[in-house]
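Reading through the structure tokens given below for one structure.
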Amino acid sequence: MIDEPHRTDMTLYTTMTVEEYLALDRASPNVRYEYIDGVITMLAGGTANHSSISVNIASELRTALRGKPCKVFNSDLKVSISKTRYVYPDVSVSCDQRDLRGRGDIIHSPCVIFEVLSPGTQASDRRQKFTYYRNCPSVQEYVLVSTDEQAVDVYRRATEKLWTLHLFGPGDDVELKSIDVSISIAAIYEDVDFEMW
């Protein structure tokens, strides 16, 4: 990711079909686009902390899931959360065998989604994206990770309509019940510097 002060996404108000979106996205290897109900958004880069946190999460999950029937994916792989919504979360996990094949470029049944927050996307990640993820039946946990402090919010599906919020901070282990994994806050924030220059 590009080391920039803030991540700013650019919504392109062009209506297109899913097929047109997938063709555009596949033809643009150096640019990522999300697609929500016909509207595409070009994603921008993040900060060094954003990148470090994402790498730490993916590394911890990869180690914890080794030998288990689940796989961790980084933000290079798009996730289909409905027939008309495609997103690029920072980290995702799927335990569906159809998603674990090596040649696909879309995850169809994510069970855990991580979004690392940035000033430009925080409001959207907490409201709009959470609504989208809640409506995806395979998603069991939605994890929001702060880049300003050691703070992780885990939204966990309790029933079809009810989600519970679990807050984690310094010294805690973040529990991901749907995949039976815990990651320490210390590991998530390893080598992350909150000092501004």
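Before moving on, here are some points about what is shown:
- Share, in percent, of DSSP beta bridges within the range 97-166 that are antiparallel, nearest 5: 65 percent
- Most to least accessible of Asp105, Asp90 (protein chains only, probe 1.4 Å): Asp105, Asp90
- Counting only heavy atoms of the protein chains and using a 1.4 Å probe, Met42 has close to 60 Å² of accessible surface.
- For the chain, the solvent-accessible area of protein heavy atoms averages 53 Å² per residue (probe radius 1.4 Å; ligands and nucleic acids excluded).
- Thr84 - accessible surface, heavy atoms, 1.4 Å probe, Å² rounded to 10: 60 Å²
- What you get for the chain, charging only the Cβ of Lys and Arg (+1) and of Asp and Glu (-1), is a dipole of about 980 debye around the Cα centre.
- Where a label projected 7 Å from the Cα of Leu24 along Cα→Cβ would reach, residues of the range 67-84 with amide N under 16 Å: 84
- Carbon plus sulfur fraction of accessible area for the chain, probe 1.4 Å, in percent: 51 percent
The values are calculated or read from the model by the stated rules, or taken from the named source; none is laboratory data. All of these numbers come straight from a predicted model, not from anything done at the bench. Neighbour counts are summed over all protein chains in view; Cβ atoms, including those assigned to glycine, are modelled from backbone coordinates with ideal geometry. Side chains are part of the model used for accessible areas, which takes the heavy atoms of the whole protein and leaves out ligands, DNA and RNA. Shrake-Rupley method; radii C 1.70, N 1.55, O 1.52, S 1.80 Å.
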